[in-house]
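Let me begin by presenting the structure, written as structure tokens, before commenting on it.
The values are calculated or read from the model by the stated rules, or taken from the named source; none is laboratory data. For clarity, every value in this text was computed on a predicted model and none was experimentally measured. No Cβ is skipped: glycine too gets one built from the backbone with ideal geometry, and neighbour counts run over all protein chains shown.
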Amino acid sequence: MGKIILVTGGARSGKSAFAEKLAASLGKNIAYIATAEIYDGEMAYRVALHQKRRPAGWKTFEAPREAHVALATAKKNYDVALFDCLTMYLSNMLCAMPDSFSPEECHNAVTSKIAALVQAAEETAGTTIFVTNEVGGGIVPENKLARIYRDEAGLMNQQVVAAAHQVYLVTCGIPVDIKKLGEHLA
């Protein structure tokens, strides 16, 4: 059974850099599951920053959709898989859904895709590190898609945390093992 680690935090909190260091400390044979799609120059810049930080020996698997397949494939040959990131993957899912989908249909589709992703991580040996964003700390968004995204991101993170062995919150570049802290407080 595979080990799951979740790394969460706000935008530019240092979560990806921490997850990369964590992955490097856990193995030599590392797969990077990339979920971003490049639609403009700003996104190209963001992707380039991530690529620049990664060691040349890491194998990248592009997986903006059907990421569970890429993860299962990667973990056949790599002892650590770094999945960056769940909230980008969620965005890809929601943007591909028809406008006519109800919030319930969106939720069911997202829950199913994330369950397949968790299953791929659990059923393969080695460690999977999922990176995600904490997005629910602000105001209620004004439009339907943004509200669905915010709600589904929180629910998705809870779904992955339920299977995770470790959960880190990164803020200002400092990681805190919140699952361990939470267990002490429970």
Unmet criterion (only one of (1) touching a strand residue (DSSP E or B) at 6+ places or on another chain (Cβ under 8 Å); (2) buried (at least 18 other Cβ atoms within 10 Å of the Cβ); (3) of a type in the set (S, T, N, Q)) for N77: (2)
Qualifying residues in segment 102-118 (those that are hydroxyl-bearing (S, T, Y) and in a helix (DSSP H, G or I)) - the one farthest from N157 (Cα to Cα): S112
Qualifying residues in segment 65-116 (those that are under 15 Å from the mean Cα position of the chain (by Cα) and basic (K, R)) - the one modelled with the lowest pLDDT: R65
Subset of segment 128-172 [out of contact with any strand residue (DSSP E or B) (no Cβ under 8 Å at 6 or more places or on another chain), in a loop (DSSP other than H, G, I, E, B) and surrounded by 14 or more Cβ atoms within 10 Å (Cβ to Cβ)]: V135, P141
Positions within segment 149-168 being within 17 Å of K180 (Cα to Cα) and of a type in the set (S, T, Y), in sequence order: Y168
Cβ pairs under 6 Å, 6+ apart, first in segment 83-110 and farther than 30 Å from G2 by Cα, second among the aliphatic types (A, V, I, L, M) and crowded, with 16+ Cβ neighbours inside 10 Å: P103/I148
Matching entry among A23, A63, A34 (being touching a residue at least 60 places away in the same chain (Cβ under 8 Å) and buried (at least 17 other Cβ atoms within 10 Å of the Cβ)): A23
